[in-house]
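The values are calculated or read from the model by the stated rules, or taken from the named source; none is laboratory data. Every value quoted in this text rests on a predicted model; they were computed, and no experiment measured them. Cβ: placed from backbone, ideal geometry, glycine included. Neighbour counts: every protein chain shown.
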Amino acid sequence: MALTVLGGGVSPFVRKVRVFLAEKGLDYQHENVNPFGPPEGWREISPLGRIPAFKDGDKIINDSSVICAYLERRFPKPTLYPSDDYEYARAVWFEEFMDGGMVPVSGPKTFFPLVLKPLFGGKAEPDPADVASAEKVVAEELPKFFDYLERELGDNDYFVGGRLSIADIAVASPFINLRYAGFAPERKRWPRLRAFLDRMHGRPSFKAATEQDGPFSKRSALIHD
Ligand SMILES: N[C@@H](CCC(=O)N[C@@H](CS)C(=O)NCC(=O)O)C(=O)O
């Protein structure tokens, strides 16, 4: 049965699902839907108008967390959710930490104004006032998220249970958008988080899910540490 991910690949939540599929070793089709200028009938597929949506044949599923949970049950191997009850809850919590915590700050306050707004407006560079406010957000609003992740990761390679899980994919994905806005957690201040992100973003699953992102990634060159 054909699996299809619907949604622009630069969305951190679409990327999360695509990386999850790749880590499961599953083939899928990808349809690029822009939620801000969607095709007719989109609300029938995505009642909240959001991406990603997902199709398994004629079955429709919405929300990256729900899609990944579905895929885990439908294709159990390799396991990407911990089997221990508490570790399972922790993994799902990291999804929520990003979805309900960091991304609502980093998306609209860094990635959108510095990357999408100029692209949509046909401008080569973002507005300097937008750059200044994004820099302030990175300096003042994002560190509490980075501090928490640095602490929770500790000396481990993965967030939960000593092996790759949905938690790692969910955490690493939105940091790609932050890079595209020209920012990353400073290596000196958050060394374990930053090394984790390097490892995750270097995985073939992340490389494949970002290979078409050229037009969005120009500002990554501004990251120097
Ligand atoms: N909790 C959702 C979040 C999805 C989401 O916010 N997607 C954004 C793009 S990154 C979107 O579709 N925004 C358009 C809108 O909300 O109208 C998930 O995990 O799938």
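Only residues that are more than 7 Å from the ligand (Cβ to nearest atom), more than 25 Å from Ala89 (Cβ to Cβ) and loosely packed, with under 15 Cβ neighbours inside 10 Å were counted in the range 49-69, giving 3.
In this structure, is Gly121 surrounded by fewer than 12 Cβ atoms within 10 Å (Cβ to Cβ) and assigned by TED's automatic domain parsing to the domain that holds Gly7? I'd like the intermediate steps shown before the answer.
On the way: surrounded by fewer than 12 Cβ atoms within 10 Å (Cβ to Cβ): yes; assigned by TED's automatic domain parsing to the domain that holds Gly7: no.
The answer is no for Gly121.
Starting from residues that are of a type outside the set (Val, Ile, Thr), part of a helix (DSSP H, G or I) and within 13 Å of the ligand (Cβ to nearest atom), keep the ones in the range 1-48 and report whichever is surrounded by the fewest Cβ atoms within 10 Å (Cβ to Cβ). My answer is Arg43. Out of the residues in the range 70-111 meeting the condition of being assigned to a helix (DSSP H, G or I) and among the acidic types (Asp, Glu), tell me which one is nearest to the ligand (Cβ to nearest atom). Going through the qualifying residues, I end up with Asp99.
Inclusion of Ile67 among residues that are touching a Lys or Arg at 6+ places or on another chain (Cβ under 8 Å) and closer than 14 Å to Lys16 by Cβ is not warranted.
Could you tell me which of the residues Ile61, Ile67 is modelled with pLDDT of 95 or more and farther than 16 Å from Ala170 by Cβ?
Numbers: Ile67 fails: farther than 16 Å from Ala170 by Cβ.
So the residue among Ile61, Ile67 that is modelled with pLDDT of 95 or more and farther than 16 Å from Ala170 by Cβ is Ile61.
Please specify each residue of the range 146-163 satisfying the condition of being assigned to a loop (DSSP other than H, G, I, E, B) and not polar (S, T, N, Q). Result: Gly154, Asp155, Asp157, Tyr158, Phe159, Val160, Gly161, Gly162, Arg163.
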